[in-house]
Structures are given as structure tokens and as C-alpha cells.
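All remarks here apply to the structure that follows.
Nothing in this text is a laboratory measurement; each read-out follows from the coordinates by a stated rule. Source: prediction; values computed, not measured. Please note: Cβ atoms are built from the backbone with ideal geometry, for glycine as well, and neighbour counts cover all protein chains shown.
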Amino acid sequence: MSYSEFLSEYGPRFVDGTLTTGAQFFLAAVLAIALALLAGLMKLAQNPLIRGASTVYIEIFRGTSLLVQLYWIFFVLPFFGVTLDKFVAGFVAVGMNLGAYGAELVRGAIQSVPKGQWEAAYSLSMSPAKRMRRIILPQAFVNMLPPWGNLLIELLKGTALVSLISVADLMFEAKQINGSTFLSAQAFGTALIIYYIFARFLVTPFMRWLERVMARKLGRN
């Protein structure tokens, strides 16, 4: 079977798998960003209980395997009365895992804002929340965008693990096609190309565009 014939026969399944992977990526990214922002801010809190809760979350999800976390969320949580659909369990596990890494990026970016900016905001008698929202976070956001680009690519690659709980994503379809045809080079080669296109021509350009937009808003050329 030629590669063109292979694509003609199995292309629709790769398209379906790619759409599922895209949905997993988007939902996991939204969850990861929300958790990273929340946990990163909590890590800077004065209250030791709030700071401790953030530390526990970050250390557990950074210090254990994403695969083990995925299995825990899908297979173990039902024993405690929490049952998640496999699609939901997939993006929740990936999002929570990458959110823990993102939390450290948020914390580091906030602390990298020059001390003079903090003092200037304080001298204007801004409330802590307004100071953070209007002065600190916009500058921190620009600083954290480049590493967040790398983190989102890692998140995209992490979504491949959801195939292990039978989410019909791109990797799941590639494994199913390989299992029925034994055309490993074509099946996994096609998946590799699609993942690369997703990362190189969608995620990376979007993050670079966002960096330029935010830099212009802050007057950084």
C-alpha cells in the first residue's frame, strides 16, 4: 500500500483523532493557565496555610509522573466517589500537571518585576489587588510568555498519554490503525507529522504573536 492510498483510507480517522487532540489541548491549556495563576499567586501569599496549600499542589504534581496522575484520576478516584468521563479525566490530569509547572513560572515572573514598580504602585495608594492587576501582572505576563510557549508544547505532547485510558485522540487512532494494518511507519509517522505541525505552525506562532502584542502594549519594542 502506497502512502497516498494509506492516507486516502485512514485519513478521516487521523482527522478525527487530531480534532480530539486539539480539544484536549485547548481544555488542558485553559485549566493549566488558571491553576498556574492561582497557585502562583498563592505561593506568594503571606498566610502560611494558603502558601502551604499551593506548595503541596505544586510539589505533588511536579514530583510524580503524569501517567500515574492520569491513572489515579481515572481509575482510583471512583473508589472515593468521584467518577470522571475518560475525556474529562484526560484533560484534567494534563492540565493539573502542567499547571503545577506553570505556577512556578508565574511566581518567578511576578518576583522578577523590578522593585521600583512595586514601590511606585504602593506610593499611589493602590490596594494590593489593584496593584497586582494594574501594575505587576501585565509586566510579569510579558516575562512569562516565552517559557509558557515551551510549556504549552510540552502540554501538547502530554496529551498523547490520554490514549492510554482510551480517549480517541491522535495517538489512540494511530495505535489502532497500526494494530490492524501493521504499517507502523505510516501510522506513527503520520501522527508525528501532525504533532509537529500543531506545535510548529500553530502553538509557536501564536505565542510569538502574543509576545509582540503584549510588548507593544507595554511600550517595549
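Tabulated values for the structure
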{"read-out": "Simple label model, 7 Å out from Cα along Cβ direction - L124 to L7, nm", "value": "5.4 nm"}
{"read-out": "Within the chain, helix-based [θ] at 222 nm, where runs of 4 or more DSSP H residues each add -39,500 (n - 2.57), nearest 500", "value": "-25000 deg cm²/dmol"}
{"read-out": "Length gained when the stretch K115-L183 is fully extended (0.36 nm per residue, less Cα-Cα span)", "value": "18.6 nm"}
{"read-out": "Using θ = phi - 60° and Karplus 6.51 cos²θ - 1.76 cosθ + 1.60, couplings along the stretch 60-65 (whole Hz; Gly, Pro as x)", "value": "5, 7, 7, x, 10, 6"}
{"read-out": "Karplus 3J(HN,Hα) series, Hz, for the stretch 118-125 with 6.51 cos²θ - 1.76 cosθ + 1.60 (x for Gly, Pro)", "value": "5, 5, 5, 5, 5, 5, 8, 6"}
{"read-out": "Residue (of W148, P128, T181) at the positive-pole extreme of the stretch 122-182, dipole from beta-carbon charges", "value": "P128"}
{"read-out": "Cα-derived Rg over Rh, computed across the stretch 50-175 with Rh taken as Kirkwood radius", "value": "1.11"}
{"read-out": "Relative packing of peptides 207-213, 172-178 - highest average C-beta neighbours within 10 Å first", "value": "172-178, 207-213"}
{"read-out": "From phi via Karplus (6.51, -1.76, 1.60), per-residue ³J(HN,Hα) for the stretch 127-144 in Hz, x at Gly/Pro", "value": "5, x, 5, 5, 4, 5, 6, 8, 10, 7, 4, x, 6, 5, 4, 5, 5, 8"}
{"read-out": "Dipole in debye (nearest 20) - the chain, about Cα centre, beta carbon charges: Lys, Arg +1; Asp, Glu -1", "value": "1200 debye"}
